1. Can you list the helices (runs of 4 or more DSSP H) found entirely within region 142-221 that contain at least 3 residues being out of contact with any His (no Cβ under 6 Å at 6 or more places or on another chain) and farther than 23 Å from Ala98 by Cβ?
2. Can you find even one residue in region 175-188 that is within 16 Å of the chain's Cα centre (by Cα), aliphatic (A, V, I, L, M) and closer than 24 Å to Pro72 by Cβ?
3. Could you count how many residues in region 202-218 are open to solvent by 50 Å² or more (accessible area, probe 1.4 Å) and either in contact with a strand residue (DSSP E or B) (Cβ under 8 Å, 6 or more places away or on another chain) or without any contact (Cβ under 8 Å) to a residue 12 or more places away in the chain (or both)?
4. Quick one: what pairs do we get from region 92-112, first residue farther than 20 Å from Ile137 by Cβ, second part of a helix (DSSP H, G or I) and aromatic (Phe, Trp, Tyr), C-beta under 9 Å, 6+ apart or different chains?
5. In the set Glu80, Glu108, which member is open to solvent by 80 Å² or more (accessible area, probe 1.4 Å), part of a helix (DSSP H, G or I) and either of a type outside the set (A, V, I, L, M, F, W, C) or at pLDDT below 95 (or both)?
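The values are calculated or read from the model by the stated rules, or taken from the named source; none is laboratory data. The shown structure was predicted, so the numbers you read here are calculated from the model rather than taken from an experiment. Heads up, the Cβs are rebuilt from the backbone with ideal geometry, glycines too, and the neighbour counts pull from every protein chain shown. Keep in mind that these areas ignore ligands, DNA and RNA; they rest on the heavy atoms of the full protein, side chains included. Shrake-Rupley method; radii C 1.70, N 1.55, O 1.52, S 1.80 Å.
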Amino acid sequence: ALLLAGLYCNTGTLAPYGNTLFGHVDPRTGYLYNADHVHFKVLFDFVNGADFQVWNKALFLRRILFDVAAWPFMRIAGFEVGGAIASLVFNVLGLVAALHLLRRRIGERGAIFAGWLLALYPGAMYWGGLPYPHALIAPLSTLLMIALIDLPAARGRTLIGLSLAMGFAYLAYDFAVFFLPASALLLAWHRRPGALVTSVALQSLPPALWLLFLSRGLGQPLDNSNTMVYHVILDSYRHIRD
């Protein structure tokens, strides 16, 4: 209830993300949008079967999981209202799932303490009331962290299932940038080279297949003004003196 109240208080024009950089005010309603609103709206158009020209060369097609999962809500109540409702639902379900998993690992008292921390987490409020892929950052980061903790002891089917689940989560946001290297380092530390290769390959599979479909099947460029930031970051390590 506390998490849901916090999320609701940050929906709509009160969402902090709407007030940053070049906010756009709708002259008809006075509603405040983030400058990237149109780029997120086109993801729903893509999932909803819009014409090729509507979503061609969209910046965020690699982050498709939220709109796929939220499509029933958006279809019924529209992109903004339906997407905001879906965002609230996913964040609450993410908290419930995280506490269920934590309770099995650290007991009821530990899970209750963790629950209060997560319910008060400002990062969830910052994104959670928006119909954007960002709404999945807090819940999936929490679940991915729990998966990372379980990874060193995972064997057989558990390792395969855990790795694939992490890979599917990477379709929501650019989590792979953080969790793939962390997985490799963790399994290397535990001296499990076979598990390292297997897990990294399986984690990479869902996003790799999706990117392949976007580029080969739909003719979409994988480099754009949003993805180029990763090239800039990597290049900066090759030019330390700059």
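1. Numbers: elements: 156-169, 176-189, 193-212.
Hits in region 142-221: 176-189, 193-212.
2. At the first step, the residues of region 175-188 found to be within 16 Å of the chain's Cα centre (by Cα) are 175-180.
Still in the running and aliphatic (A, V, I, L, M): 176-177, 180.
Restricting the remaining residues to those that are closer than 24 Å to Pro72 by Cβ gives none.
No; the residues of region 175-188 include none that is within 16 Å of the chain's Cα centre (by Cα), aliphatic (A, V, I, L, M) and closer than 24 Å to Pro72 by Cβ.
3. Adding up the residues that qualify gives 6.
4. Short answer, once both residue conditions are applied: Ile106/Phe113.
5. Details: Glu80 fails: open to solvent by 80 Å² or more (accessible area, probe 1.4 Å).
It is Glu108.
Residues checked against (1) outside any loop (DSSP other than H, G, I, E, B); (2) over 23 Å from Thr227 (Cα atoms); (3) open to solvent by less than 30 Å² (accessible area, probe 1.4 Å); (4) of a type in the set (A, V, I, L, M):
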site	(1), (2), (3), (4)
Thr29	no, yes, no, no
Phe46	yes, no, no, no
Ala58	no, no, yes, yes
Ala70	yes, yes, yes, yes
